[in-house]
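Q: If you scroll down you'll find the structure; I have some questions about it.
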Amino acid sequence: MNSNVPDSKKISPFLVFFLIHTMQSGVGILGFQRFIAKTAGYDAWMSIILSGLFVHILLWMMFKMLKIADGDMTSIHTFVLGKKIGKIFSSFFILYFCLFTVAILRSYIEVVQVWMFPELRTFWFALVFHILVIYIVFGGFRTVAGIAFFSIILPFYIAVLFVVIIPYADFTNLLPIFDHSVKELLLASRDMSFTLLGFETLLFFYPFIQNPERSKKWAHFGALYTTMLCIYLAILAFGFFPEAQLQKNIWPTLAMWKIIKLPFVERFEYIGVSNWGLVILPNICICLWCASRLAKQLFSIRQKTSVPAIAILCLIATSLISTRGQINILTDYTGKVGFYFNFIYVPLLFAGTLIAKKVRNREKHT
Amino acid sequence: MFNLFKNKNHEKENLDKLLAKSDDFKCIEYFNNKTNVSFTLKFLATLVDSKTIQESVLPYLLEENFKQIEDAKQIIPLADIQLSEDISQIEDKLFTGSVLLTVSGKENKFCFLGARKEIGRNVSLPEVEFSVIGPKESFVESLDQNLNLIRKRVPVKELIMEKLTVGTLSKTKVAILYIDGITNPENVNTVRQRIEDIEFDEITDSSYIVQIISDNQNSPFPQLLDTERPDRISAILAEGKVAIFVDGSPHALIGPTTLVEFFSSFEDYYLNWILSSFFRLIRLFAVVFSILVTPVYVATLSYHYELIPIDLMNTLVASRRAIPFPPILEALFLELTIELLREAGARLPTKVGQTIGIVGGIVIGTASVQAGLTSNILLIFIALAALASFTTPVYRIGNTIRLLRFPFLLFAEVWGLLGIVVCFCFLLTHLIRLTSLGRPYLEPLYPPRMQDLKDAFIRLSFDKQRKRPFLLNTKQPNRFHKKAAKYKKDIEDE
Amino acid sequence: MRSILKLIASVFLALNLIGCVKKEVLDDISLIEGIGFDYIDKKNILGTVVIPVYLPDQPPKSNTFSTKAEITKSILQDIQRQTADPIVTGSIEVLLFSKTLTEKLGILPLVDAFQRDPSIGSGLYLAMVDGETKELLAGQYGIRGTATYISKLMEHNIRNEDLPKSNLELFLTDFYQEGKTPFIPQLKQIGKNKMEINGISLLKHGKMVDLIEPKEMFFFKLLVDKYSEGMHLVKIDSGEAAVRSIHSSHNFELTKRNPTEVTIHIKVDGIINEFTGQELTPKTIEGLQKQFEKDIKKESLKLIKRFKDKQLDPIGFGHFVKTQTRNFDFNNWRKNQYKDLVVKIKADVKISESGVIE
């Protein structure tokens, strides 16, 4: 599998940091504080650490599997399940990534519609966004990785700007620690994992990493960085809002910006929301790229045809969803599917890979 | 194109026939009284220096012991004398300013006497890339003279100058320069291959070559750096890049290049690194400012009034009150005015151009504010943006920046700040996809390379610049060898 | 190869045809800078908005529009019918409520609209007006427009004087924080074009229940704000001294449970601005410090006692005790514990400078 990716199309291992981190931080990061505080209250920051740990374990499993199968998800499936069943299983992931694309883009458009332009037409914005995404994906995986890189470097100032709100925050809100039961913490960490999803794309772009062994540490750093960022934002929001108020805010991260007042800019949300477009852009690119790559491997459709085709499908799906209720259902389902895939299917597959390896080794010896 | 004639003798007759049509073609027969030999000189009077013929050729041919063609080499005091029997060379030689000498009766043997007339400028001050500090030479139109300037600065045998000829009509000489042992041969091959592949009739300037051999011809960004400074060329040769010289063009090309290189003036290397880093950052800020200021103005005034600080509101609204146009039209009107002034200034002779600039700037600006067509705040922004776009040290990228503002303006008009971000994403993608001679254009930003960042947005001191750019993948990555670890002195140590 | 320019041009054309969003061009809108609400009867309120008219080379002129309606948004709706340009709420700076309204209806239903609207920043100031807001807003104050005048008035009093920090964000935080009572400053018109801050009103469930007088404000700020400034007049036998606190802070400490005892450590760093007595000896300064500490103790305890009696908690004892206790029960706190709460004040005043003369 590795052999069919030319060296000039591969990316250097440390870019994996950006790819993993960018996939994890999308629209979810704007509003995750509310969900985790629902069950675990203001102890929920511990749940973030917990789910962060799970992510690391899963990453480790993924690397192990990828090394054994020497390839990507499709080769793992072939390795464990055989060619035909593997193909069927793999093809589900095309749908999975389409779902992801639609969920991310639609939630972002909702944010724009609520915060900036209530009249923004979903279809037209989604159309332009998809044209942009197609333009990026046509540039190959290197371009996708480049967008991921810039989408983290450029909006970094936002994370720094949050310092402005510290004087308004009352961090005693977080006290007393351990006011909630372990069960509540675990439930909250399950909710948290919806936000941390996205690192599974590693299974698909793995063959595009130069020297994949060295990328391991960067992938873990990426996940670690996401966890840290989430803790940072969660603690800020917990300090900023009393519990009752946090539950009222759909996007606590955005609502915090309302207080930021700079000498030359009176209000910051508008800049922030616009900038977030750059943050979610690589998510959609990576999803679309993965979907088209899978289509190429499974059905040998040229990526130049499959990318626009998938984009059109996603575009139609995105513009069909109109109310907040529908968007919530969509994100809920996406979260759940992602959760089951990452936290249940991946460990199962991991076990399967290990067994398959043992069986093959034995066959070889005999 | 003109080598249609297979038969050689036939070819010569044809050549003579065609040439006879031109008035400047001279074919004169002489007779040497001493040796009773009659000989003919053929040349193009416009290309040949008549003084050379009068003083260094004819006196010797007529008065010395000139019996046969081979004697010419001994008696004529010219360096460039060549004996030949190859008829196909004749056309080439005649058109590069040689005199063809034949002895009657033995027309199949001939001698070329180099008597080229050199008409052209002398080396003068650089006009586009002027610098206060540093050398003041610049390239001229003559290829030989330009190469001379480089050879003087890089007097080593490793400096290779390959010559190619391109253009079916212009027969332009193109020289590819690189330093053997440093430059990655892959880059040289790419350049050579692309230049050899050029299919065009008349190549009049290096700008033609830039456009034809660019990786992406549909990009507004120049993908090869052009310069008129010999010092810059010699420095980039030492870095391991390839330079392309074109006969008849005072601008040499450099490749592979990166976007940030267009924002570095060569004067940066003549200043202390702290100063030059500061100036580079200012320039970069100027560019961003120049592209974004009007779009942000349009976006804020059309959609995001909430962003405007309350103290500024009075000034802004009061200046806009009387203006009948929406911000976008106001901005476009002013932008176009500035573009007009710029175009007019560029086309007119220097002195008139300056006057137009002042008249246009002051008179039109004030008048349009007073007439209530534009707001004075926008006028300040646009003037500053125009000023900022002139800070780019390379003229070509300045043009690109002028153009970039317009798509941003349109997007800002449609979706405000969100539109600006979307447009920025398009631009970013374009830049990520762009390559220069197959090397990433946005390097060292993407792919991120710490080593090359030392000489990008800031320029670190020379002792930190030990390695050649990673981008070029040079054969000899070290510029110099670090001396044995320096002893760290304490305060009072000698 | 697709040309980026072609792409941008075609996208733009498509967008312009169908995809446009509503524009709010700065000079074609009426910016509301302040809103006031007055009480009419149980159902109806009178809303007054301040809209500045910006003129070149002149201070903005503040126009007011008033209308009667049931809820905030319908007030704006009615005012739309009076203005030449559409009115927008994005740059509101102050929200005023008349005293009668705050006492009878409460401000909560009115604040909801401002909390929900994404275009409104949470840094805007809330204030109660002793009198009618319509009359207050009708005046012309300062050179920057009425609303800006009010917001600047509050801003500098918060930063340098004895008004505790307060804005929409803090009001909401206090409101949603269990075990804390929100408060907003009170304004009063004292002449045709003059107004002053004349107290702080404490709101329970959005309704006014108590008022902090200006002379108590210094101590109130010491208790409420983590860091505060302000001026206090200290009287001792040898004369009176105006002491400006340049840096003060407080700290809470839970010293005992059952009954709960909280100790508040108050530190004041002050300088003497004025002294009426004969000579300012180190001994007098010591005396001043002692007296100042006594004042703080006395006044603060007086305030706290009043709050306990009225079941108010602007200092946030409830919240503080909650952060120190696992499985805290707020009902029990409100019913029993708060009444029995013992508060001790430990004041520490340090006068470091006394001006440029001995």
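Every read-out reported here was derived from the displayed coordinates using simple, explicitly stated rules and does not represent laboratory data. Just so it is clear, the structure is predicted and the values come from calculations on it, not from any experiment. Because the Cβ atoms are built from the backbone with ideal geometry, glycine has one as well, and the counts that use them run over all protein chains shown.
Q: Give me the Kirkwood hydrodynamic radius of region C:26-212, using the inverse of the mean 1/r over all pairs of distinct Cα atoms, in Å to one decimal.
A: Computed over Cα pairs of region C:26-212, the Kirkwood hydrodynamic radius comes out at 16.5 Å.
Q: Taking R0 as 30 Å, what FRET efficiency do you get between C:Lys42 and C:Asn198 from their Cβ-Cβ distance, rounded to the nearest 0.05?
A: That gives a FRET efficiency of 0.65.
Q: Right, something else. For the residue pair C:Arg159 and B:Asp180, what label-to-label distance in nm results when each label sits 7 Å from Cα along the Cα-to-beta-carbon direction?
A: 7.2
Q: Taking every pair of Cα atoms in region B:272-440, average 1/r, invert it to obtain the Kirkwood radius, and report Rg/Rh to two decimals.
A: When Rh is taken as the Kirkwood radius, the ratio is 1.00.
Q: If you average the sequence gap of Cα pairs under 8 Å that are 6 or more apart and divide by the length of chain C, what percent do you get for the contact order?
A: 12
Q: What Kirkwood radius, in Å to one decimal, follows from the Cα pairs of region A:69-186? List each step's numbers first, then the result.
A: On the way: mean 1/r = 0.0517 Å⁻¹.
For region A:69-186, the Kirkwood estimate is 19.3 Å.
Q: Would you mind giving the average projected area, over all directions, of the Cα convex hull of the protein assembly as shown in nm² with one decimal? All intermediate terms of the calculation are to be shown ahead of the outcome.
A: Details: hull surface 275.0 nm².
Average of the hull's projected areas for the protein assembly as shown equals 68.8 nm².
Q: Tell me, how many Å apart are the Cα centres for region C:107-159 and for region B:187-210?
A: A separation of 69 Å, based on Cα centres.
Q: Separate question: Give me the tail of P(r) for region B:422-493 as a percent: Cα-Cα pairs with distance above 14 Å.
A: 70
Q: While we're here: Going 7 Å from the Cα of C:Glu213 toward and past its Cβ, which residues in region C:221-263 have a backbone nitrogen under 17 Å from where you end up?
A: Only C:221, C:232-235 fall inside the zone, counting backbone N under 17 Å.
Q: Further question on the same structure: Could you point to the residue in B:Asn14, B:Tyr30, A:Thr78 farthest towards the positive end of the protein assembly as shown's charge dipole, with +1 and -1 charges on the Cβ of Lys/Arg and Asp/Glu respectively?
A: Result: A:Thr78.
Q: Let me ask something else about it. Which FRET efficiency value, to the nearest 0.05, is calculated for B:Phe457 and B:Lys489 with the Förster distance at 35 angstrom and r the Cβ-Cβ distance?
A: 0.65
Q: Follow-up question, since we're still on this one. Quick one: work out Rg over Rh on the C-alpha atoms of region B:143-257, Rh as Kirkwood radius.
A: My calculation puts Rg/Rh at 0.93.
Q: For region B:443-449, take each phi angle, set θ = phi - 60°, evaluate the Karplus expression 6.51 cos²θ - 1.76 cosθ + 1.60, and give the result in whole Hz per residue in order, putting x for glycine and proline.
A: Along region B:443-449, the couplings run 4, x, 6, 9, x, x, 9 Hz.
Q: May I pose another question? Do the sum for chain B: with -39,500 (n - 2.57) for every DSSP H run of n ≥ 4, divided by all residues, what is the mean residue ellipticity at 222 nm, to the nearest 500 deg cm²/dmol? Write out the running numbers ahead of the final one.
A: Working: 16 runs with 206 residues, N = 494.
Value at 222 nm, helices only: -13000 deg cm²/dmol.
Q: Listing A:Tyr232, A:Tyr225, C:Tyr338 from the residue with the fewest other Cβ atoms within 10 Å to the one with the most, what is the order?
A: On the way: A:Tyr232 14, A:Tyr225 17, C:Tyr338 20.
Fewest-to-most Cβ neighbours within 10 Å comes out as A:Tyr232, A:Tyr225, C:Tyr338.
Q: Using alpha-carbon pairs under 8 Å, 6+ residues apart, how would you state the relative contact order of chain B in percent?
A: Dividing the mean separation by the residue count of chain B yields 13 percent.
Q: Cut-off is 10 Å between beta-carbons; in what order do C:Leu96, A:Leu50, B:Leu58 appear when sorted fewest neighbours first?
A: Details: C:Leu96 26, A:Leu50 21, B:Leu58 15.
Fewest to most other Cβ atoms nearby, the residues stand as B:Leu58, A:Leu50, C:Leu96.
Q: Principal axis extents for region B:2-114, Cα atoms only, whole Å, descending order, please.
A: Here the spans come out as 41, 27, 23 Å, largest first.
Q: If the chain between B:Met450 and B:Arg121 were fully stretched, how many nm would it gain, using 0.36 nm times the residue separation less the Cα-Cα distance?
A: Additional length available on full extension: 114.1 nm.
Q: Which of the chymotrypsin sites (Phe, Trp or Tyr not before Pro) found in region B:409-481 are loop residues per DSSP with 10 or fewer other Cβ atoms within 10 Å of their Cβ? Let's see the in-between values first.
A: Working: sites: B:Phe411, B:Trp415, B:Phe424, B:Phe426, B:Tyr441, B:Phe457, B:Phe462, B:Phe470, B:Phe480; in loops: B:Tyr441, B:Phe457, B:Phe480.
Loop-located and lightly packed - B:Phe480.
Q: Defining a contact as two alpha carbons under 8 Å apart and six or more residues distant in sequence, what relative contact order in percent does region B:272-440 show?
A: 38
Q: Could you calculate the contour length gain from C:Tyr227 to C:Leu254, that is, 0.36 nm times the residue separation minus the distance between their Cα atoms, to one decimal place in nm? The partial results should precede the final answer.
A: Numbers: separation 27, 0.36 × 27 = 9.72 nm, distance 1.97 nm.
Separation in residues times 0.36 nm, less the Cα-Cα distance, equals 7.7 nm.
Q: Give me the aspartates and glutamates in straight-line cross-link reach of A:Lys258: C-alpha distance below 12 Å, same-chain residues under 8 apart excluded.
A: A:Glu266, A:Glu269, B:Glu306, C:Asp117, C:Glu169
Q: Among A:Leu278, B:Leu378, B:Leu437, rank each residue by its count of other Cβ atoms within 10 Å, from fewest to most, as a rough exposure measure.
A: Fewest-to-most Cβ neighbours within 10 Å comes out as A:Leu278, B:Leu437, B:Leu378.
Q: Right, here's the next one. Could you calculate the contour length gain from A:Gln210 to A:Leu354, that is, 0.36 nm times the residue separation minus the distance between their Cα atoms, to one decimal place in nm?
A: 49.4 nm
Q: Once both axes come from the Cα atoms, what is the angle between helix B:395-433 and the longest principal axis of chain B, in degrees from 0 to 90, rounded to 10?
A: Its long axis makes an angle of about 30 degrees.
Q: Between region B:255-295 and region C:247-268, what is the separation of their alpha carbon centroids in Å?
A: Going from one Cα centre to the other spans 57 Å.
Q: Amide H to amide H under 5 Å from C:Met128: which residues, 5+ apart in sequence or cross-chain, H placed 1.01 Å off N in plane?
A: C:Phe97, C:Gln186, C:Leu187
Q: Order the peptides B:95-103, A:340-348 from the highest to the lowest mean number of other Cβ atoms within 10 Å of their residues.
A: Numbers: B:95-103: 19.9, A:340-348: 14.7.
By packing density, highest mean first, the sequence is B:95-103, A:340-348.
Q: Using amide H atoms built in the peptide plane, which far-off residues or other-chain residues are under 5 Å from C:His247 H to H?
A: Placed amide hydrogens put C:Asp269 under 5 Å from C:His247.
Q: Here's a follow-up. Just how large is the dipole of the protein assembly as shown about the Cα centre, in debye to the nearest 20, putting +1 at every Lys and Arg Cβ and -1 at every Asp and Glu Cβ? Please list the in-between numbers first.
A: Working: 138 positive and 122 negative charges, 819 e Å.
The calculation lands at about 3940 debye.
Q: Give me the one-decimal nm value for the distance between modelled label points at A:Arg362 and C:Gln311, 7 Å along each residue's Cα-to-Cβ direction.
A: 7.5
Q: I've got another one for you. Cα centroid distance between region B:76-144 and region A:215-255, in Å?
A: Centre-to-centre distance over Cα atoms comes out at 73 Å.
Q: Report the charge-dipole magnitude of chain A in Debye, nearest 20, computed about the Cα centre from +1 at each Lys and Arg Cβ and -1 at each Asp and Glu Cβ. Before the final figure, lay out each step's value.
A: Working: 32 positive and 17 negative charges, 304 e Å.
Roughly 1460 debye, rounded to the nearest 20.
Q: Can you give the mean number of other chain Cβ atoms that lie within 10 Å of the Cβ atoms in peptide A:131-138?
A: Going residue by residue through A:131-138 and averaging, the value is 5.
Q: Here's a follow-up. If eta is 0.692 mPa s and T is 37 °C, what Stokes-Einstein diffusion coefficient results for region C:215-353, Kirkwood Rh from Cα pairs, in µm²/s? Kindly include the intermediate steps, with their values, before the conclusion.
A: Numbers: Rh = 16.0 Å.
Diffusion coefficient, whole number: 205 µm²/s.
Q: Just to be sure I understand the model, the point goes 7 Å from the Cα along the line to the Cβ. What's the resulting A:Lys261 to B:Asn65 distance in nm?
A: Spacing of the two 7 Å Cα→Cβ label points: 10.6 nm.
Q: Also, quick follow-up: Evaluate peptide B:439-447: per residue, the Cβ atoms of other protein chains within 10 Å of its Cβ; return the mean as an integer.
A: 3
Q: Computed FRET efficiency, Cβ-Cβ of B:Arg153 and A:Tyr345, R0 56 Å: what is it to the nearest 0.05? Don't jump to the answer; show the numbers that get you there.
A: Working: r = 65 Å, r/R0 = 1.16.
FRET efficiency, B:Arg153 to A:Tyr345: 0.30.
Q: Still on this structure: How many times 2.2 N^0.38 Å is the alpha carbon radius of gyration of chain B?
A: Values: Rg = 29.9 Å, N = 494, 2.2 N^0.38 = 23.2 Å.
After normalising by residue count via 2.2 N^0.38 Å, the value is 1.29.
Q: Based solely on its DSSP helices, what 222 nm [θ] is calculated for chain A when runs of n ≥ 4 H residues each add -39,500 (n - 2.57) and the sum is averaged over all residues, nearest 500 deg cm²/dmol?
A: Value at 222 nm, helices only: -24500 deg cm²/dmol.
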